[in-house]
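A.B. asks: Below is one structure. I have some questions about it.
Values in this text are rule-based calculations from the coordinates and carry no lab data. Note that the structure is a prediction, hence the values are computed from the model and not measured. With ideal geometry, Cβ positions are generated from the backbone for all residues, glycine too; neighbour counts draw on all protein chains shown.
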């Protein structure tokens, strides 16, 4: 039995869709009605990390699990690991972040991910760590202003990030969940090139066949914008992360996706073409 958490999120949704036909799959979801694309026969368990009874039900008979948590600084990973150990789960594939390898990244989000990784390492279970760069899908946050104003707004628009297609992350995750040889491994995952928000804006304009303007945000403007969605400590962590990107910390490209899947990592153009309706408005 394979357990998938985060199945309504960007990567978890793709993991669920890419699991082999006929695999025994269970999905843990706070709202089962939002789980879309599960294979026929997949078992959906209602619950979350704050519900020990639901976690216990979800992990009965589970051999391997895909773990996604999102409460920065919270105890979701600890709760999951405690129940997984008791339930006898053999292997956990954890979605982490590439920044954990950056010794100068000392922000709240990166520290939380480092702590979560360590929980798995000392748990006694088998583990695999997935450490992606930023998701290409993060550019969907630009879609409303692009559709309404033909404008993309971002901080440090010329800084580059070797962002990765979430589908590639999911492909690696599925292999780690279903194939031998991945336990005790940490995989940094990037796209095929480091790109900037300005460059991405130009590519979107080309694909849409219409002009799109890039507008640089000042740090204080970004702080105000992000504060609408995140608590202050997380906003400051995001600003720290953006400064590390400006300093070149996220420019490195690795071939892990190609080495593990046998095909090149997807380009931003490929990802954007497949999601162009979100930017075009229909």
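A.B. asks: Can you tell me what the convex hull of the Cα atoms of the range 16-65 projects to on average, as an area in nm²?
C.D. replies: With every direction weighted equally, the projected area is 3.5 nm².
A.B. asks: Can you compute the FRET efficiency between residue 147 and residue 220 using 1/(1 + (r/R0)^6), with r the Cβ-Cβ distance and R0 = 35 Å? Round to the nearest 0.05.
C.D. replies: It comes out at approximately 0.85.
A.B. asks: Here's something else I'd like to know. Please give the FRET efficiency for residue 106 paired with residue 45, using the beta carbon to beta carbon distance and R0 = 45 Å, rounded to the nearest 0.05.
C.D. replies: Using R0 = 45 Å, I get an efficiency of 0.75.
A.B. asks: Only counting other Cβ atoms within 10 Å, I'd like 36, 257 sorted with the fewest neighbours first.
C.D. replies: 36, 257
A.B. asks: Treating only the Cα positions of the range 52-133 as identical point scatterers, give the base-10 log of I(q)/I(0) from the Debye formula at each q in 0.16, 0.18, 0.22, 0.24 Å⁻¹.
C.D. replies: The computed values of log10 I(q)/I(0) come out as -0.57, -0.71, -1.01, -1.16.
A.B. asks: If I take the Cα coordinates of the range 128-169 and project them onto the principal axes, what are the three extents in Å, biggest first?
C.D. replies: 42, 21, 10
A.B. asks: Next question. Along each of the three principal axes of the Cα atoms of the range 1-139, give the extent in whole Å, ordering the values from largest to smallest.
C.D. replies: Sorted largest first, the three principal extents are 46, 37, 24 Å.
A.B. asks: Report, largest value first, the span of the C-alpha coordinates of the chain along each principal axis, in whole Å.
C.D. replies: 54, 38, 35
A.B. asks: Let me ask you something else. Given the rule -39500 (n - 2.57) for each run of at least 4 DSSP H residues, summed and divided by the residues of the chain, what is its mean residue ellipticity at 222 nm, to the nearest 500 deg cm²/dmol?
C.D. replies: Calculated from helices alone, the mean residue ellipticity at 222 nm is -12000 deg cm²/dmol.
A.B. asks: In whole percent, what relative contact order does the range 180-282 give with Cα contacts below 8 Å and a gap of six or more residues?
C.D. replies: 45 percent.
A.B. asks: Sticking with this structure for a sec: Using Cα atoms only, what is the angle between the long axis of helix 166-178 and the major principal axis of the chain, expressed in degrees (0 to 90) to the nearest 10?
C.D. replies: Taking the Cα atoms of the chain, the angle to 166-178 is about 20 degrees.
A.B. asks: Compute the angle between helix 76-87 and the longest alpha-carbon principal axis of the chain, please, reported from 0 to 90 degrees and rounded to the nearest 10.
C.D. replies: 20 degrees
A.B. asks: With no solvent and one equal point scatterer per Cα, compute the Debye intensity ratio I(q)/I(0) for the range 191-273 at 0.17, 0.22, 0.26, 0.27 Å⁻¹ and report its log10, rounded to two decimals.
C.D. replies: The Debye formula, applied to the Cα set alone, gives -0.94, -1.10, -1.14, -1.16.
A.B. asks: Rounded to two decimals, what is the ratio between the C-alpha radius of gyration of the range 233-280 and 2.2 N^0.38 Å?
C.D. replies: In units of the 2.2 N^0.38 Å rule of thumb, it is 1.60.
A.B. asks: Relative to the compact globular guide of 2.2 N^0.38 Å, what is the alpha carbon radius of gyration of the range 85-132, as a ratio?
C.D. replies: For the range 85-132, the normalised Cα radius of gyration comes out at 1.21.
A.B. asks: Given an 8 Å cut-off on Cα distances and at least 6 residues of separation, report the relative contact order of the chain as a percent.
C.D. replies: Over the chain, the number comes to 18 percent.
A.B. asks: Follow-up. I'd like the orientation of helix 108-121 relative to the chain: the angle between its Cα long axis and the longest Cα principal axis, in ° from 0 to 90, rounded to 10.
C.D. replies: Between helix and principal axis, roughly 30 degrees.
A.B. asks: Given the convex hull over the Cα atoms of the range 27-95, what projected area results after averaging over all orientations, in nm²?
C.D. replies: Spelled out: convex hull of the Cα atoms, projected over all directions, averaged, 4.8 nm².
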